[in-house]
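Scroll down for the structure; my scribbles are underneath it.
What follows draws every value from the coordinates through simple rules; no lab data is involved. Owing to the predicted nature of the structure, the values given are computational and were not obtained by experimental measurement. Neighbour counts run over all protein chains shown; Cβ positions are idealised from the backbone, glycine included.
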Amino acid sequence: MMTEKEIMAGLKAVLSPGRWAHTLSVARWAETLARLHGANPAKARLAGLLHDCAKEVPGPVQADLVKKWRLPVPDAPFILETGHLGLFHAHVSAATAERTYGVKDKAVLAAVAAHTLGADKMSVLDKVVYVADFSAPQRRYPEAAAIRRVARRSLDDAFRETVRWKLTHALHAGAAVHPQTVRTWNRYRRKES
Ligand SMILES: [Fe+2]
Ligand SMILES: [Fe+2]
């Protein structure tokens with residue numbers, strides 16, 4: 001694996017200034033959340049740094065990489081049909097973290113892969129990175145500040161609220177909802193006992 005310094009230099013060279021600022025903000029916030037909620041801070045920071053490393057790869061190229069590398073993207077046909085090719089970026093980023101940046105840690109790679117759609121089974125680290133991406137201090141929408149407040153107290157509540165926001169936002173926009181977002185919601189919503 002590269003050193004963190006090498007990874008940061010590599011990312012800075014390929015990401016736009018805005019994405020780089022987002023990346024740093026997510027990495028720092030993920031590290032803080034990990035300390036608060038018992039995940040490994042170094043892993044959270046590394047996953048935060050790499051979570052969007054392939055986000056600026058053009059959508060059709062991402063689709064090709066998913067095929068070529070046989071990445072386990074949930075409901076890939078849905079993504080191709082709807083044309084929201086950007087939804088490939090989490091898995092392509094995880095694969096790039098491994099192939100280009102030499103990250104071997106499966107927990108880190110899983111957290112990168114799950115940061116947009118969630119997953120059927122999510123670790124504390126996965127939730128930390130998912131929440132950190134949505135609520136990083138660099139985010140300008142008001143929900144980010146609200147989720148940050150919740151996240152300091154309860155990672156699970158912040159995670160649920162983030163999934164809920166993504167779902168409702170998509171519905172309000174009249175957009176298609178990726179089936180994994182629905183599954184993540186159904187799995188992690190607050191259940192009445
Ligand atoms: Fe992302
Ligand atoms: Fe992001």
**Study point:** Given Lys55/Lys191; Lys5/Lys166; Lys12/Lys191; Lys106/Lys166; Lys12/Lys106, the pairs whose alpha carbons are separated by over 31 Å
**Key:** Lys55/Lys191; Lys5/Lys166; Lys12/Lys191
Check your understanding: What ranking, highest mean first, results for peptides 49-61, 19-31 when packing means the other Cβ atoms within 10 Å averaged over each residue?
Key -> 19-31, 49-61
Review point. Which value in Å does the Kirkwood hydrodynamic radius of segment 72-161 take, with 1/r averaged over all unlike C-alpha pairs and then inverted?
Key: 14.0
Point to revise | Rg and Dmax [Cα atoms of segment 105-148; Å; Rg one decimal, Dmax integer] | key: 11.1, 34
Exercise for review: Would you kindly calculate the mean projected area, averaged across all directions, of the convex hull enclosing the Cα atoms of segment 43-97, in square nanometres?
Suggested key: 3.6
Study note, to complete from the structure: Using the Cα gyration tensor of the chain, the equivalent ellipsoid's semi-axes, largest first and to the nearest Å, work out to 23, 21, 15
Point to revise | Contact order relative to length of segment 3-116, as percent, for alpha carbon pairs under 8 angstrom and 6 or more apart | key: 25
**Study point:** For segment 48-63, 3J(HN,Hα) per residue [Karplus equation, 6.51 cos²θ - 1.76 cosθ + 1.60, θ = phi - 60°, Hz, x = Gly/Pro]
**Key:** x, 4, 9, 4, 10, 4, 10, 5, 8, 6, x, x, x, 5, 4, 4
